[in-house]
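Here the structure comes first, spelled out in structure tokens, and everything after it is commentary.
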Amino acid sequence: MFEALRTFIHDVSSAGEGTQEFADDDYRLATAALLVHVANVDGRISLPERVRLCAVIEQRFGLDRAATGRLLARAEATDREAVDFFHFTNVLKRSLDDAGRHRIIAMMWRIVFADGEVSEFEENVVWRVAELLGVPNRDRIALRQQAAEEPEAPPVEGPWSPRA
């Protein structure tokens, strides 16, 4: 609870600081980096994955398009620099309760299913992150099933449409 309050105060006080609005210990950055990683684990982020990624970030964190773009740019850089998932999952374990950690896994599955193709690499990333977050296997599998049954998102058009 104190962590959530600290994050809120940080967000409000750093609104005009550009890329610093998403500090290294910000759970939103940790989440976005994991989502970027799972989307890119097969070597490229497809257009459906990028569209879903932007939509999930905007919806879950209540960000506008510009803030979403800044967060994703920072997440991509952070993911490239990371050597493992520990930093990200450690931030998330400190910042989120069990329900929040389950939401992270659900978000990851939504990205995995965005392009209609599920690779063993994507499944392995979600499994490893779920283990590090303490999400039980049965819950991870149930969240996978929910994401698999989710209808496809409609195509998104407009000036913020992600690049392929």
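The values are calculated or read from the model by the stated rules, or taken from the named source; none is laboratory data. If you're wondering where the values come from, they're calculated on a predicted model, not measured in any experiment. Positions of Cβ are backbone-derived with ideal geometry, glycine not excepted, and every protein chain shown enters the neighbour counts.
I'd like to verify a number: residues in the range 97-119 that are among the small types (G, A, S) and in contact with an Asp or Glu (Cβ under 6 Å, 6 or more places away or on another chain), how many? Spell out the reasoning first.
In the first step, residues of the range 97-119 are kept if they are among the small types (G, A, S); the result is 99-100, 106, 114, 116, 119.
Narrowing the set further to residues that are in contact with an Asp or Glu (Cβ under 6 Å, 6 or more places away or on another chain) leaves 114, 119.
Going through the range 97-119 one residue at a time, the tally reaches 2.
So how many residues does the range 60-99 have that are of a type in the set (G, A, S), in contact (Cβ under 8 Å) with a residue 24 or more places away in the chain and part of a helix (DSSP H, G or I)? I'd like the intermediate steps shown before the answer.
First pass over the range 60-99, keeping only residues of a type in the set (G, A, S): 62, 66-67, 69, 73, 75, 77, 82, 95, 99.
Adding the requirement that they be in contact (Cβ under 8 Å) with a residue 24 or more places away in the chain leaves 67, 69, 73, 75, 82, 95.
This time we only want the ones that are part of a helix (DSSP H, G or I), so: 67, 69, 73, 75, 95.
Count: 5.
Taking the conditions exactly as written (at pLDDT 95 or above, exposed (fewer than 15 other Cβ atoms within 10 Å of the Cβ) and of a type in the set (A, V, I, L, M)), does A4 satisfy them or not?
Details: at pLDDT 95 or above: no; exposed (fewer than 15 other Cβ atoms within 10 Å of the Cβ): yes; of a type in the set (A, V, I, L, M): yes.
So A4 does not fit the description; no.
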Any residue at all in the range 143-150 that's surrounded by 14 or more Cβ atoms within 10 Å (Cβ to Cβ), within 15 Å of the chain's Cα centre (by Cα), at pLDDT below 95 and part of a helix (DSSP H, G or I)?
yes
Residue pairs within 6 Å by beta carbon, gap of at least six or interchain, first lying in the range 106-128 and over 20 Å from P151 (Cα atoms), second not in a loop (DSSP other than H, G, I, E, B), listed first then second, are V125/V38; V126/M108
Within the range 28-51, restricting to residues that are of a type in the set (G, A, S) and in contact with a helix residue (DSSP H, G or I) (Cβ under 8 Å, 6 or more places away or on another chain), the one that is surrounded by the most Cβ atoms within 10 Å (Cβ to Cβ) is A32
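If you take the residues in the range 74-87 that are touching a Phe, Trp or Tyr at 6+ places or on another chain (Cβ under 9 Å) and of a type outside the set (K, R), which one is surrounded by the most Cβ atoms within 10 Å (Cβ to Cβ)? Show your work before the answer.
Narrowing the range 74-87 to residues touching a Phe, Trp or Tyr at 6+ places or on another chain (Cβ under 9 Å): 74-75, 78-79, 82.
Cutting the leftovers down to of a type outside the set (K, R) gives us 75, 78-79, 82.
On the way: A75: 24, T78: 20, D79: 20, A82: 14.
If we take residues in the range 74-87 being touching a Phe, Trp or Tyr at 6+ places or on another chain (Cβ under 9 Å) and of a type outside the set (K, R), then A75 is surrounded by the most Cβ atoms within 10 Å (Cβ to Cβ).
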Checking L71, L96 in turn, the sole residue that is crowded, with 21+ Cβ neighbours inside 10 Å and either over 19 Å from A148 (Cα atoms) or modelled with pLDDT of 95 or more (or both) turns out to be L71
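Pull up the range 78-93, narrow it to residues that are aliphatic (A, V, I, L, M) and at pLDDT below 95, then point me to the one that is nearest to V36 (Cα to Cα).
Quick first cut of the range 78-93, residues aliphatic (A, V, I, L, M) only: 82-83, 91-92.
Add one more test, that the residue is at pLDDT below 95, and what stays is 82-83.
Working: A82: 12, V83: 14 Å.
Filtering the range 78-93 for residues that are aliphatic (A, V, I, L, M) and at pLDDT below 95, the one nearest to V36 (Cα to Cα) comes out as A82.
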Pairing a residue in the range 30-59 that is over 14 Å from V125 (Cβ atoms) and touching a residue at least 12 places away in the same chain (Cβ under 8 Å) with any residue that is part of a helix (DSSP H, G or I) and acidic (D, E), where Cβ atoms lie under 9 Å and the two sit 6 or more apart in sequence or on different chains, gives A32/E76; A32/D79; S46/D115; L47/D115; P48/D115; R52/D115
*Answer with yes or no whether E122 is of a type outside the set (A, V, I, L, M, F, W, C), at negative phi, part of a helix (DSSP H, G or I) and in contact with an Asp or Glu (Cβ under 9 Å, 6 or more places away or on another chain).*
yes
